[in-house]
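The values are calculated or read from the model by the stated rules, or taken from the named source; none is laboratory data. For clarity, every value in this text was computed on a predicted model and none was experimentally measured. Positions of Cβ are generated from backbone atoms using ideal geometry, with glycine treated the same way; all protein chains shown enter the neighbour counts. SASA here: full protein model, heavy atoms, side chains in, ligands and nucleic acids out. Shrake-Rupley method; radii C 1.70, N 1.55, O 1.52, S 1.80 Å.
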Amino acid sequence: DLSHRPRCSSLPFRTMPYTYTTVEALNEHLQTLSYVSGAQASKDDLAVYGAISAAPDAAALPNAARWYNHISSLLGDNFPGAPEGVVIGGKAPGGGKAEKKQQQKPKKEEKKVDPEEAKKKKLKAVLKEGGKKGQDIIGAAEMGGLEFFCTAFDEPEGNVEYLQLAMGAANKPVDPEGEERRGGSGEVGKMLFSAGVEALAIGGYVPADKVGKVAVKEWMEAVLAAVGTGAIVGEPTATECYAVCKLDADKGHFPLKMKDSALQAAINFLRGKGCFPEDAGDSDDDDVAYGDDAFEELGLA
């Protein structure tokens, strides 16, 4: 029963300013966010970027590393000159107080991670996110009258095989005897995006009864053409198609940056087919937000 869910939320994105403390805390903060605050890069990102002395370790801090590389790319586009080095106040640049304090902390003994256990844990997280977002997607689709949906997934982290599993979990029929309602969005066409440190994984799905409206391979090819890089992996079927766009710093192809443009390209393709509502703006409280931010706007997050 979806009658109790609000059509649109007017809550502010954030009520308190972000306070940078450590790279670990930043990594956790960016787990579900593209930027430090808001939906676009801002002076907040520049301030935090300047407080970090070196790029975060991609293996230990994937969210912070992804964000750091993206901000580096934006800075490179706007400040193309090669740096020669400067001294500020008699000290070498880089390393804010919070960062130096962090560096002075004694190192904790690293725990050995069992690869098999880590893989099982990751797989569980991927399937859980897929099932949960499947419910979010079908809820948003029913409330907005949508046949197609575009959104981002976090747990696959740019791994196309994990994204395929997440897609399956999202489309899996709901188990009426399960403890939680999961999946159930098999009737909704969708394109999913997952940005990792090294790549952006994209998955497209069109239900069999909607292939006459949207050809999933054509949809994927249009998205890759808009991004300017990437390739289809495996053999597409009539209902599913997957692709990977790899990191190429020299060409400015960063996963997080590519995700934003790919998601918009996917929505534009659907609009061109008459399969996605036009953006009516924010003037009417009854308007429904679609795409990557729809869950929060519809009160489903």
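A 1.4 Å probe run over the protein chains yields, for the stretch 158-276, 46 Å² of accessible area per residue, whole-number rounding. A simple spin-label model places pseudo-atoms 7 Å from Cα toward Cβ; at T32 and K246 they are separated by 3.3 nm. Applied to the stretch 265-272, the Karplus parametrisation 6.51 cos²θ - 1.76 cosθ + 1.60 on θ = phi - 60° returns per-residue 3J(HN,Hα) values of 5, 5, 5, 4, 4, 4, 5, x Hz, with x for Gly and Pro. Panel note: the C-alpha atoms of the stretch 103-248, placed on their principal axes, show extents of 60, 44, 27 Å (largest first). The portion of the accessible surface of the stretch 137-204 made up by carbon and sulfur, rounded to a whole percent, is 42 (1.4 Å probe; DNA, RNA and ligands excluded). Convex hull of alpha carbon positions in the stretch 161-235: directionally averaged projected area 6.3 nm².
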